[in-house]
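Inspection log for the structure reproduced underneath, given as structure tokens.
Here, each number is a calculation from the coordinates, and none is a lab measurement. Computed from a predicted structure; not experimentally measured. With ideal geometry, Cβ positions are generated from the backbone for all residues, glycine too; neighbour counts draw on all protein chains shown.
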Amino acid sequence: MVGGDADTSSLLPPNAHFRKAWQYFVKLWLDQPSKKLKRRQTREKKAKRVAPRPLDKLRPVVRSMTNKYNMKIRGGRGFTFDELKGAGIRRKEAAGVGITTDHRRKNRSSESYDMNVARLKAYKARLVIFPRNPTSKNDKKGDSKKADLEKSVQVTERGVVPVGEVVVRTKARKITAEEKKANVSAVLRKARTDAKLWGIREKREKDKREGKSKKDKAKTDEPMEE
């Protein structure tokens, strides 16, 4: 049909039958305020029950997998054995002083290792250990002094030591003449090319130092005759 509206008389009449029992699939959240209050009361009961111990255990600072999630830091499952060793804490001792451990986790970088070791040392410096028997007159090795026991305060924060990333803010300034002349796309293109050809250039320099030429390389690459 040329021009005008399309002929709709030959089409089937609409018979869109949507889900008629939609009200059975609706999920409400009317108890959100009451559940929030209940969780708070549960935390307060637990704090009284475990006092003077902290409400939560110390957890490491980790980054999630993939580029989408590894930009932010969060609390992990537990510290590695290498991190405990770097902070001077024994494995069995960690469980008794409120430090979580994870035997599956591995240290992939020195930055995260140093950060978690410093976190353990800071926690160890603030740690106050109460005696197992409060009525005992003999002080055991590792117990804190009575003056420290009186000054101690129960920590109710999540993760004991909060996990937070230090954001470095820079003040606004004028753009310099060199920055105006710089071609950012060319700099990025060169950096991308250098990263791509790094292995080839490294091998080329190595062959040059060893005195190998292209002819020698072609001879070594030739298949052996049977």
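At full extension, LYS57 and ILE175 could sit 37.7 nm farther apart than now, given 0.36 nm per residue minus the alpha carbon distance.
Calculate the FRET efficiency for LYS48 and TRP22 from the Cβ-Cβ distance with a Förster distance of 41 Å, rounded to the nearest 0.05. Walk me through the numbers on the way to the answer.
On the way: r = 46 Å, r/R0 = 1.12.
According to the calculation, E is roughly 0.35.
Could you state, as a whole-number percent, how many of the C-alpha pairs of region 22-75 are farther apart than 13 Å? Summing the P(r) tail past 13 Å for region 22-75 gives 75 percent. Beyond 23 Å, the tail of the calculated P(r) for region 15-105 holds 58 percent of the Cα pairs. From a point 7 Å beyond the Cα of ARG132 in the direction of its Cβ, which residues of region 40-73 have a backbone N at a distance under 20 Å? Under 20 Å, as judged by backbone N against the label point of ARG132, lie 50-54 of region 40-73.
Across region 149-167, the residues whose backbone nitrogen lies under 19 Å from the label position 7 Å along the beta-carbon direction of MET115 are 158-167. In terms of other Cβ atoms within 10 Å, PHE81, PHE130 run from fewest to most in the order PHE130, PHE81. Determine the shape class of region 120-182: with a ≥ b ≥ c the square roots of the Cα gyration tensor eigenvalues, call it rounded for a/c under 1.5, and otherwise prolate if a/b is greater than b/c, oblate otherwise. Prolate shape, in that a/c is at least 1.5 and a/b is the bigger ratio.
Evaluated at q = 0.08, 0.14, 0.17 Å⁻¹, a Debye calculation over the C-alpha positions of the chain (equal weights, vacuum) places log10 I(q)/I(0) at -0.71, -1.10, -1.32.
Distance between the modelled labels on LEU197 and ARG158, one decimal in nanometres: 5.0 nm (7 Å Cα→Cβ projection).
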